[in-house]
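Questions regarding the structure given below will be posed in turn.
The values are calculated or read from the model by the stated rules, or taken from the named source; none is laboratory data. Remember, it's a predicted structure, so these values are computed and weren't measured experimentally. Backbone-built Cβ (ideal geometry, glycine too); neighbour counts: all protein chains shown.
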């Protein structure tokens, strides 16, 4: 039996603070209890980029974000048996975006959010593949300086 494919797109959102410090937006998933980046399903006929922007606005209220060119990362993983959705294979394309918006309007999917520095976000993220993704973001941004 082949796994069900679920296509997802998201945005790793950052804000530049005074003195150049970056803060990353993490969301706390209400039912799953995990901390993650904003992301969601790609609807039929929708591009990955459009889906990522739509999901960001739906989940956070952020409508103004500047996507940073030359950065996309794809994660691929299987949901574990016993998760209630075992047998699902997820492919997630992440973009990197910058916003000036600090206040967030959470959707019902999430019950909390945090703006965290890189070290704090790395500790708070629930899944190792998200921590590795954040490491790649930091390396990319540091190379641009």
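Could you check residue 43 against (1) farther than 24 Å from residue 142 by Cα; (2) buried (at least 21 other Cβ atoms within 10 Å of the Cβ); (3) touching a helix residue (DSSP H, G or I) at 6+ places or on another chain (Cβ under 9 Å) and say which number it fails?
If we test residue 43 against (1) farther than 24 Å from residue 142 by Cα; (2) buried (at least 21 other Cβ atoms within 10 Å of the Cβ); (3) touching a helix residue (DSSP H, G or I) at 6+ places or on another chain (Cβ under 9 Å), just (2) comes out false.
Just to be sure I understand, how many residues within the range 108-127 are within 22 Å of residue 6 (Cβ to Cβ) and either in a strand (DSSP E or B) or modelled with pLDDT of 95 or more (or both)?
Residues of the range 108-127 within 22 Å of residue 6 (Cβ to Cβ): 108-110, 125-127.
Subsequent filtering for residues that are either in a strand (DSSP E or B) or modelled with pLDDT of 95 or more (or both) retains 110, 125.
Counting residues in the range 108-127 that are within 22 Å of residue 6 (Cβ to Cβ) and either in a strand (DSSP E or B) or modelled with pLDDT of 95 or more (or both) gives 2.
Only one of 75, 36, 53 is surrounded by 16 or more Cβ atoms within 10 Å (Cβ to Cβ), at pLDDT below 95 and either within 17 Å of the chain's Cα centre (by Cα) or closer than 24 Å to residue 16 by Cβ (or both). Can you tell me which?
Working: 36 fails: at pLDDT below 95; 53 fails: at pLDDT below 95.
Going through 75, 36, 53 in turn, just one is surrounded by 16 or more Cβ atoms within 10 Å (Cβ to Cβ), at pLDDT below 95 and either within 17 Å of the chain's Cα centre (by Cα) or closer than 24 Å to residue 16 by Cβ (or both): 75.
Residue under question is residue 133, and the condition is that it be in a loop (DSSP other than H, G, I, E, B) and modelled with pLDDT of 95 or more; does it hold? Spell out how you get there, then give the answer.
Details: in a loop (DSSP other than H, G, I, E, B): no; modelled with pLDDT of 95 or more: yes.
In short, no.
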